[in-house]
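Structure first, commentary second.
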Amino acid sequence: MGIDRINDLKLHTAPLQSQLLVALQRVLESGWFVLGTELSAFEQEFASYCGVNHAVGVANGTDALELALRALEIGAGDEVLTAANAGMYATSAILAIGAIPVFVDVEAKHLTIDPDALIPLIGPKTRAIIATHLYGRMADMLALQKIADQHHLVLIEDCAQAHGAICDGMRAGAWGNAAAFSFYPTKNLGALGDGGLVTCKDEAVAQRLRSLRQYGWDSKYSAKFAHGRNSRLDEVQAAMLRVKLPFLDTWNKRRREIACLYVNHAQHPLIQHPEVQGEDYVAHLYVLRSNYRDTLADYLRVHNISTDIHFPLLDYQQHTLRHRFSDVHLPVSEKTAAEILTLPCYPELNDISVHQICDVIRAWNGQ
Ligand SMILES: *Cc1c(COP(=O)(O)O)cnc(C)c1O
């Protein structure tokens, strides 16, 4: 059970079913389905969990990134620094607003955006940095914040893989000018469908976000802000998330335990394990590295162990972008994209299953 899939959402929701149904019934009986009391309660609860002033629910994590950029007044022609190994999410948002992604290499250790590689890429058109906390590991926010302050750049966190992570006493989502969250079902905190949210410090930014998610309205039927749209987190999803939020820390703790089991029990000369220590890691994905990644993936498949690759193509290598960015070469990102392999790591995976996977890995003869 469990090891033949990379995640198992049935196991995840089963113990919560009665609580979720109670919450669903509450929404049904309220007769109010969009922008109501469930959303404002969840926004408050999530803001207070993250230790930020404002949280604004939106339709999904990609919208959260795009609306965060817009709310911080990044626009056409502005350059935004971002890593290229994080699944196109930030890049899609940057392109959607007509801004220009400038791809920065990642640190070899954590595969998050490398502050040292970033500095030389800052130019007169640079306006913002998007720091993706990849695989549940927070980017080097102390260094990035310092750079952003020095160069007057907007700093946006992509927290879609890092709900609940803490660096230097502050949660992911409390660092930048704004932070984007996704509640896609497989995330550390997932809805029963799509969902997203932006956190921010500044009341004016929060106001713009609330307006942008609803056609740019400042009051009913009066659009004050350009580029408004419909991007809302509905009452049912907000109610589901309110049930789940109190469990987030426990789930993250279990994810970390699983990651530690892998490090301790799946040692192999051809495998490099990630660093799993620290509160700034919430083990969203357990990603190891091997020069023989494809061989290892085949071997695990034969043993009924499911794996995945997050992410096989760098953003500038994507079909739609590779011509435009043909001069971009990021050595660490390119090298590691060929080495990474994701193992099952979700809170409901039990020790027996993890040990089974570890046993199979230790027995791998490299072929
Ligand atoms: C999942 C994810 C997103 C996008 O979230 P959606 O809700 O699917 O739009 C953005 N960034 C990262 C790093 C993600 O993992």
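Since every read-out is calculated from the coordinates, none of them should be taken as a lab result. Bear in mind the structure is a predicted one, so any value in this text is a computation, not a measurement. Ideal geometry is used to build each Cβ from the backbone, glycine not excepted, and the neighbour counts take in all protein chains shown.
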Legend entry - Reference-scaled alpha-carbon Rg (2.2 N^0.38 Å with N residues) for the chain: 0.99
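Just for the chain, what percent of DSSP beta bridges are antiparallel, to the closest 5?
Details: 23 of 40 bridges.
Roughly 60 percent of the DSSP beta bridges within the chain come out antiparallel.
Above 18 Å lies some portion of the pair distances; for region 60-176, what is it as a whole percent of all C-alpha pairs? Walk me through the numbers before you get to the answer.
Details: 2934 of 6786 pairs.
So the pairs more than 18 Å apart make up 43 percent of the total in region 60-176.
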Inset, instruction - List nothing, just return the count: lysine pairs in the chain, 8 or more apart or interchain, with Cα separation under 26 Å. - result: 17
Inset, instruction - Let me have the relative contact order for the chain, percent, based on Cα pairs under 8 Å that are six or more residues apart. - result: 22
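Ordered by packing density, taken as the mean number of other Cβ atoms within 10 Å over each peptide's residues, highest first, how do 42-48, 160-166 rank?
Working: 42-48: 18.4, 160-166: 26.3.
Highest to lowest by the protection proxy: 160-166, 42-48.
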Inset, instruction - Would you please give the residues with an amide H less than 5 Å from that of Cys167, counting only those at least 5 places away or on a separate chain, with H modeled from the backbone geometry? - result: Ala172
Inset, instruction - Report ³J(HN,Hα) in whole Hz for each residue of region 69-81, in order, from the Karplus equation J = 6.51 cos²θ - 1.76 cosθ + 1.60 where θ = phi - 60°; Gly and Pro get x. - result: 4, 5, 5, 8, 6, 7, x, 3, x, 6, 8, 10, 7
Inset, instruction - Would you tally the net charge around Ile97, using a Cβ to Cβ cut-off of less than 10 Å, leaving Ile97 out, and scoring K and R as +1, D and E as -1? - result: -1
Legend entry - Table column - 3J(HN,Hα) (Hz), region 265-272, Karplus curve with 6.51, -1.76, 1.60, x for Gly and Pro: 10, 10, 5, 7, x, 9, 10, 10
Inset, instruction - Give me the distance in nm between label points sitting 7 Å out from Cα along the Cα-to-Cβ direction at Gln367 and Ile352, one decimal. - result: 3.3
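Could you sort 61-72, 249-260 so that the peptide with the highest average Cβ count within 10 Å comes first and the rest follow in order?
Details: 61-72: 27.4, 249-260: 18.6.
Order by mean packing, descending: 61-72, 249-260.
Dividing the convex hull volume of the Cα atoms of region 215-271 by its residue count, what figure in Å³ per residue is obtained? Spell out each step's value before the answer.
On the way: hull volume 9.4 nm³, N = 57.
About 164 Å³ per residue, rounded to a whole number.
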Inset, instruction - Can you tell me the FRET efficiency between Leu270 and Phe33 if r is taken as the Cβ-Cβ distance and R0 is 51 Å, rounded to the nearest 0.05? - result: 0.45
